[in-house]
Amino acid sequence: MSGIDPPPEIPKFSAENHEFIIPKKAIKIPDDMIAWQKSEAYFEYLGFLLALNESVQGKSLDVKCSESVTVNKTVNMLKIFDDWINSIPPIDQPQRFGNKSFRTWHAKLLEESIGELRNVIPKELHRAIPEVVQYLYESFGNPTRIDYGTGHEMAFIMFLCCMFKISAFQPEDKTAVVVKVFNRYLQLVRKLQLTYRMEPAGSHGVWSLDDYQFVPFIWGSAQLVGHPRIEPHHFLDEGVLETYANQFMFLSSIEFICQVKTGPFAEHSNQLWNVSAVSSWSKVNSGLIKMYKAEILAKFPVVQHVLFGSLLPIRPAPAGLGCKPIGHPPVPSRSSSSTH
């Protein structure tokens, strides 16, 4: 017994009489970060991240798992978005970053996402689309700056969280949402990054984990927990990458970095290089969660873009609320040590 009281239960969400709203930004100045870190949205998001982290522990991308019709329809929607890239090629222009054709692709996203979501979300939940779609709009990069970063990745995970909250996804879909939906999203945003030469949003250069993504390393390290052969120091082995990159998200992310960057890995990706010295994947996983809380969830430049609505509200969470998404099984407790 830990002696820690269980978190209070929040009434399970019901879409039937729920009043959906268009989510808006609420973190305007750095002082507002206090409200964010005490908000229902913060605990919902972190709890959701941890619940999916647990759901893929020790499971490869090709694992047999429950897949609802909505999961398969969401994967197909992402394929449609991917196909648009083929019909909107980059234009010839002098600058290295930011091909303006991305703005055409993003305009098509804004124009057609509601229609696509109507094909994905069950008809009785269509009332939720005006709120949920806003997170989808924010998931693929900024059309003005033609950049992409961890804030856009965060928006997509909030979209997934909202899909669970309205019961478009079911609790048993958690594994499939990572290995099918999120992995397909990763393939799409990598293609966007390469095709339109998107600038990293808010990159810290060599000292950041990765120019564009973070969560694939968290969920990807969970997948590798307990693997009989692959240990953290193996992830830069070319043979391991060649054999296993299509089975584990962490390795596919390393492979992608090796494709787009030149020079010694220890120089262009120093933080990831340091990860290779950690003794176990479980320690890598818990360390990356702490790093994510400190370097993403506690940073105003990222959180100022977060949207808050009825599903992910800015209102304060009930006292003692643990990291547990509403309406889903409790998430095993983790160390609370972080920079918060």
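The values are calculated or read from the model by the stated rules, or taken from the named source; none is laboratory data. On a predicted model such as this, the values are computed, not experimentally measured, just so you know. Glycine gets a Cβ as well: all are built from the backbone with ideal geometry, and neighbour counts include every protein chain shown.
Structural remarks
- Residue match in the stretch 253-272 (condition: at pLDDT 90 or above and either over 20 Å from the mean Cα position of the chain (by Cα) or closer than 30 Å to Phe43 by Cβ (or both)): yes
- Meets criteria (in contact with a Phe, Trp or Tyr (Cβ under 7 Å, 6 or more places away or on another chain) and either modelled with pLDDT of 95 or more or not in a helix (DSSP H, G or I) (or both)) for Leu117: no
- Scan of the stretch 16-28 for residues that are more than 24 Å from the chain's Cα centre (by Cα) and either under 21 Å from Ile314 (Cβ atoms) or modelled with pLDDT under 65 (or both), ordered by number: His18, Glu19
- Taking the listed residues Gly309, Gly239, the one that is of a type outside the set (Lys, Arg), touching a strand residue (DSSP E or B) at 6+ places or on another chain (Cβ under 8 Å) and more than 22 Å from Asn53 (Cα to Cα) is Gly309, with no other qualifying.
- Cβ-Cβ under 9 Å pairs, at least 6 apart or on other chains, the stretch 289-310 side farther than 30 Å from His18 by Cβ and at pLDDT below 95, far side part of a helix (DSSP H, G or I) and among the small types (Gly, Ala, Ser): Pro301/Gly151
- The stretch 277-292: number of residues that are surrounded by fewer than 19 Cβ atoms within 10 Å (Cβ to Cβ) and either small (Gly, Ala, Ser) or under 17 Å from the mean Cα position of the chain (by Cα) (or both): 7
- Scoring Ile80 on the criteria (1) closer than 20 Å to Leu186 by Cβ; (2) touching a helix residue (DSSP H, G or I) at 6+ places or on another chain (Cβ under 6 Å); (3) not basic (Lys, Arg) leaves a single failure, condition (2).
- From Ser68, Ser87, Ser60, Ser113, residue being over 26 Å from Trp219 (Cα atoms), touching a helix residue (DSSP H, G or I) at 6+ places or on another chain (Cβ under 7 Å) and small (Gly, Ala, Ser): Ser113
- Residue ID - surrounded by the fewest Cβ atoms within 10 Å (Cβ to Cβ), chosen from residues in the stretch 239-276 that are within 24 Å of Met291 (Cα to Cα) and polar (S, T, N, Q): Asn274
- Subset tally (residues that are in contact with a helix residue (DSSP H, G or I) (Cβ under 8 Å, 6 or more places away or on another chain) and within 20 Å of Pro200 (Cβ to Cβ)) for the stretch 249-291: 23
- Condition met for Ser208 (at pLDDT below 85 and either closer than 30 Å to Arg145 by Cα or touching an Asp or Glu at 6+ places or on another chain (Cβ under 9 Å) (or both)): yes
- Test for Arg127: is it assigned to a helix (DSSP H, G or I), surrounded by fewer than 20 Cβ atoms within 10 Å (Cβ to Cβ) and not small (Gly, Ala, Ser): yes
- Residues in the stretch 56-74 that are in a helix (DSSP H, G or I) and either under 29 Å from Ser282 (Cβ atoms) or of a type in the set (Asp, Glu) (or both): Val71 alone.
- Scanning the stretch 90-104 for residues that are touching a residue at least 40 places away in the same chain (Cβ under 8 Å), out of contact with any strand residue (DSSP E or B) (no Cβ under 7 Å at 6 or more places or on another chain) and in a loop (DSSP other than H, G, I, E, B) yields Pro90, Arg96, Asn99, Lys100.
- Among residues of the stretch 214-233 being over 14 Å from the mean Cα position of the chain (by Cα) and part of a loop (DSSP other than H, G, I, E, B), the one that is surrounded by the most Cβ atoms within 10 Å (Cβ to Cβ) is Leu224.
- Test for Ser167: is it polar (S, T, N, Q), crowded, with 24+ Cβ neighbours inside 10 Å and either in contact with a Pro (Cβ under 8 Å, 6 or more places away or on another chain) or over 23 Å from Arg96 (Cα atoms) (or both): no
- Among the residues of the stretch 138-193, those identified as outside any helix (DSSP H, G or I), more than 18 Å from Tyr212 (Cα to Cα) and not β-branched (Val, Ile, Thr) are Ser167, Ala168, Phe169, Gln170.
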